[in-house]
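Below you'll find the structure, written out as structure tokens, and then a few comments.
The values are calculated or read from the model by the stated rules, or taken from the named source; none is laboratory data. Only a predicted model underlies this, so the values are computations on that prediction, with no experimental measurement involved. When the accessible area is computed, the model is the full protein with side chains, heavy atoms only, and any ligands, DNA or RNA have been set aside. Shrake-Rupley method; radii C 1.70, N 1.55, O 1.52, S 1.80 Å.
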Amino acid sequence: MPDLSLEDRPSSLRSLTRKATLCWSLLASAGCSVRIFARVDDPVRAEGISVALDDHTCDFQDNSDSGDQPTLDLDLVFHVVNDASTRGLVHPDRVSLVIHGRAYPPDAANRDMVIRPRSQRDFHAHFSYDGDASCASIMSVTTAHVIELDGKELPLKPMSFQPSDQDAD
């Protein structure tokens, strides 16, 4: 693990505490599970900024008993590293989930946040999708308008991922 500056230690400790709290709360709730991605693209990078899919929870409800469409409930955690010499602005609500070529905005996300030079932060985006996608589906997220550096949106590429190799029930 890389050495952390004194500035980054409290932030890293808070991030680890949040992740531990999330894991414990998810373990206590039925139907949700924290998993390692079955497949995930490498982080995307531009101008000293990198964005990675770091963690997720995925829940799939078949709903065939009630005649409703299946429901996918997906929470994604992104990790942003700013190795640039200027601060960046992160817009979590600009991430979109792409399923079958169509983009869906998050139904919940963190507020916009500043990322200082030579620091890192996590943000969440939550998606609900009714249709023919499950936790075993291959999906992607768009990140092209998520990060601004010096007032300019970075041209970050989409990232593909597969939450799990089997449906979460």
| Which Rg and Dmax, in Å, describe the Cα atoms of the stretch 76-135? | 13.8, 44
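With the full set of protein chains in place, find how many percent of the accessible area of the stretch 49-110 is carbon and sulfur; take the probe as 1.4 Å. Write out the running numbers ahead of the final one.
Values: 1190 of 2830 Å².
Solvent-exposed carbon and sulfur of the stretch 49-110 make up 42 percent of the total.
With a 1.4 Å probe and every protein chain left in place, work out the accessible area per residue of the stretch 57-169 in Å², rounded to a whole number. Write out the running numbers ahead of the final one.
Details: 5610 Å² over 113 residues.
Accessible area per residue: 50 Å².
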| remark: Note: the stretch 37-169 at 10 °C, 1.306 mPa s; Kirkwood Rh on alpha carbon pairs; Stokes-Einstein D in µm²/s works out to 104
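Output the relative contact order of the stretch 48-96, whole-number percent, from Cα pairs under 8 angstrom with separation of 6+ residues. Please report the intermediate quantities before stating the final value.
Values: 58 pairs, mean separation 20.4, N = 49.
Contact order relative to length: 42 percent.
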